[in-house]
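**Student:** Structure in structure tokens, see below.
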Amino acid sequence: MQILRCDKCEKKFGHKSHLFSHQKTVHEDRKDYACDNCTKRFKNKQNLLIHVKTIHEGRKDYACNKCEKKFGYKRLLFYHQKTAHEDRKDYACDKCEKKFGMKYVFVRHQRTVHEGRKDYACDKCEKKFGPKTHLLVHQRAVHEGRKDFACDKCNRKFGQRSSLL
């Protein structure tokens, strides 16, 4: 089997189709699947279907067997069980004291905190962000005017969680 490498990040793939899919979704950030209920777009059909099920239908099919919490995503249930009930944080940063329960969170931490990478740019104002979630919060709060975070003391609403302090 031929090993193919991504020319942008050196990630390895065994199939050409997997390499092309990776490049399209990771480096080109293409989102070809649109939600009919809102403006969100997704990289693949599975993520769109999960979004509709959990956000628009309110379904949370994954229940924790150790507590009463339910999750819309299987990976969130796994992460919850691992960190909340098993207190497992298998990924330790060698540059600081932080530990992480999920590899992708650990890798994101290294890239954004220690390497200073800001790979996600806003297409409306060109502001750059490290984690993609920060870009999404910025777009919702600044460009869409959404205020999704409510203070539990005064009920005022804010565009970003950090404004609750």
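**Student:** Taking the Cα centre of the stretch 4-114 as the origin, how large is its charge dipole in debye, to the nearest 20, when only Lys and Arg (+1) and Asp and Glu (-1) carry charge on their Cβ atoms?
**Tutor:** My answer is approximately 120 debye.
**Student:** Now, a different point. When the Karplus curve 6.51 cos²θ - 1.76 cosθ + 1.60 is applied with θ = phi - 60°, which whole-Hz ³J(HN,Hα) does each residue of the stretch 131-145 get, with x for Gly and Pro?
**Tutor:** Per-residue couplings from phi come out as x, 4, 4, 5, 4, 5, 4, 4, 4, 5, 6, 7, 8, 9, x Hz.
**Student:** Now a separate question. Can you flag which of K95/K132; K70/K118; K8/K124; K89/K157; K74/K127 are past 30 Å Cα-Cα?
**Tutor:** Table pairs above 30 Å Cα-Cα are K70/K118; K89/K157; K74/K127.
**Student:** Give me, ordered by chain and number, the residues 5 or more places off K127 or on other chains with an amide H under 5 Å from its own placed amide H.
**Tutor:** C122
**Student:** Run the reach check for K16 against aspartates and glutamates, Cα to Cα strictly under 15 Å, same-chain hits fewer than 8 apart removed. What comes back?
**Tutor:** Counting by Cα, and skipping residues close in sequence, K16 has these aspartates and glutamates nearby: D7.
**Student:** As an exercise, take the mean of 1/r over every pair of distinct alpha carbons in the chain, invert it, and state the Kirkwood radius in angstroms.
**Tutor:** Computed over Cα pairs of the chain, the Kirkwood hydrodynamic radius comes out at 18.8 Å.
**Student:** Return the long-range amide H neighbours of Y62 (sequence gap of 5 or more, or a different chain), with a cut-off of under 5 Å between placed amide H atoms.
**Tutor:** F71
**Student:** What whole-number distance in Å separates the alpha-carbon centres of the stretch 110-151 and the stretch 1-42?
**Tutor:** Computed from Cα coordinates, the inter-centre distance equals 21 Å.
**Student:** Can you classify the stretch 113-165 as rounded, prolate or oblate using the Cα gyration tensor, where a ≥ b ≥ c are the square roots of its eigenvalues, rounded means a/c under 1.5, and otherwise it's prolate if a/b beats b/c and oblate if not?
**Tutor:** Taking the square roots of the gyration eigenvalues as a ≥ b ≥ c, the stretch 113-165 is oblate.
**Student:** Quick check for you: which residues of the stretch 36-58 have the amide N under 20 Å from the point 7 Å beyond the Cα of K70 toward its beta carbon?
**Tutor:** 49-58
**Student:** Run the numbers for D152 and L164: contour at 0.36 nm per residue of separation, minus the present Cα-Cα distance, in nm.
**Tutor:** That works out to 3.4 nm of additional length.
**Student:** Here's a follow-up. Assign one of three labels to the stretch 1-55, namely rounded, prolate or oblate, based on the Cα gyration tensor with a ≥ b ≥ c the square roots of its eigenvalues; rounded applies when a/c is under 1.5, prolate when it is not and a/b is larger than b/c, and oblate otherwise.
**Tutor:** In terms of gyration-tensor shape, prolate.
**Student:** Okay, next question. Under the Karplus relation 6.51 cos²θ - 1.76 cosθ + 1.60, θ = phi - 60°, what is the ordered set of whole-Hz ³J(HN,Hα) values for the stretch 88-97, x standing for Gly and Pro?
**Tutor:** 9, 9, 6, 10, 9, 7, 7, 9, 8, 8
**Student:** For the chain, what does -39500 (n - 2.57) per DSSP helix run (n ≥ 4), summed and divided by total residues, give at 222 nm, in deg cm²/dmol to the nearest 500?
**Tutor:** Here the helix-only value at 222 nm equals -5500 deg cm²/dmol.
**Student:** Let me ask something else about it. Shape of the stretch 1-95 from its Cα gyration tensor (a ≥ b ≥ c, root eigenvalues): rounded if a/c is under 1.5, otherwise prolate when a/b > b/c, or oblate?
**Tutor:** Verdict is oblate for the stretch 1-95.
Here, each number is a calculation from the coordinates, and none is a lab measurement. Source: prediction; values computed, not measured. FYI the Cβ positions are ideal-geometry reconstructions off the backbone, even for glycines, and counts take in every protein chain you see.
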